[in-house]
Amino acid sequence: MEIKILMVCLGNICRSPLAEGILKSKLDSNKYIVESCGTSNYHIGGKPDKRSIDIAKKYGIDINDQRAAQFNINDFKTYDFIYVMDNSNYRDIIKLADNDHDKNKVILILEELYPNKQLDVPDPYYDNEQGFENVFKMLNKACDNIVIKLEQLS
């Protein structure tokens with residue numbers, strides 16, 4: 001049985017594509033499906049931000065084929081874990097949940113590094129390349145902990 005994981009940010013062009021690419025690079029694709037989306041419809045069908053593509057490439061990860069999608073209420077049925085990048089997106093997703101089972105699937109990704117701190121992954125969209133570098137490193141560490149968590153489940 002495959003475990004399905006969804007990474008969510010606002011536009012699905014900066015943070016969640018990086019998180020998807022990073023986690024995919026660390027997991028067995030025969031056991032895990034990792035995808036991403038945004039809570040908004042701003043960029044549906046578009047590629048990740050060039051700076052996200054570039055920083056991923058710097059670390060040997062290709063996210064060039066990803067296309068932006070929008071979160072859909074049916075994603076609660078599809079995915080086992082829904083990692084959100086910040087508190088605003090967390091609230092937006094939780095509002096769509098029908099029940100506690102769905103709500104319990106939604107996790108702030110930095111909770112994997114800093115439990116009970118409710119920290120946001122900063123949106124690097126209006127930042128420079130260093131902002132993307134910082135976000136990559138944050139997400140990379142969080143994804144290392146997610147891998148450990150998933151391995152303990154299987």
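The values are calculated or read from the model by the stated rules, or taken from the named source; none is laboratory data. No experiment lies behind these values; they were computed from the predicted model shown. Backbone-built Cβ (ideal geometry, glycine too); neighbour counts: all protein chains shown. What goes into the accessible areas is simple: the full protein's heavy atoms, side chains included, and nothing from ligands, DNA or RNA. Shrake-Rupley method; radii C 1.70, N 1.55, O 1.52, S 1.80 Å.
With among the polar types (S, T, N, Q), more than 18 Å from A19 (Cβ to Cβ) and open to solvent by 40 Å² or more (accessible area, probe 1.4 Å) as the only criterion, which of N104, N64 stands out?
Values: N64 fails: more than 18 Å from A19 (Cβ to Cβ).
After ruling out the rest, the residue left standing is N104.
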Breaking point among (1) in contact (Cβ under 8 Å) with a residue 12 or more places away in the chain; (2) open to solvent by 30 Å² or more (accessible area, probe 1.4 Å); (3) charged (D, E, K, R), for R91:
(1)
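Let's see how each residue does on (1) open to solvent by 20 Å² or more (accessible area, probe 1.4 Å); (2) closer than 23 Å to S154 by Cβ; (3) of a type in the set (G, A, S); (4) modelled with pLDDT under 95:
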position: L10; (1), (2), (3), (4): yes, no, no, no
position: S16; (1), (2), (3), (4): no, no, yes, no
position: I22; (1), (2), (3), (4): no, yes, no, no
position: P48; (1), (2), (3), (4): no, no, no, no
Being charged (D, E, K, R) and open to solvent by less than 80 Å² (accessible area, probe 1.4 Å) is the filter here; which residues of segment 107-119 pass it?
E111, E112
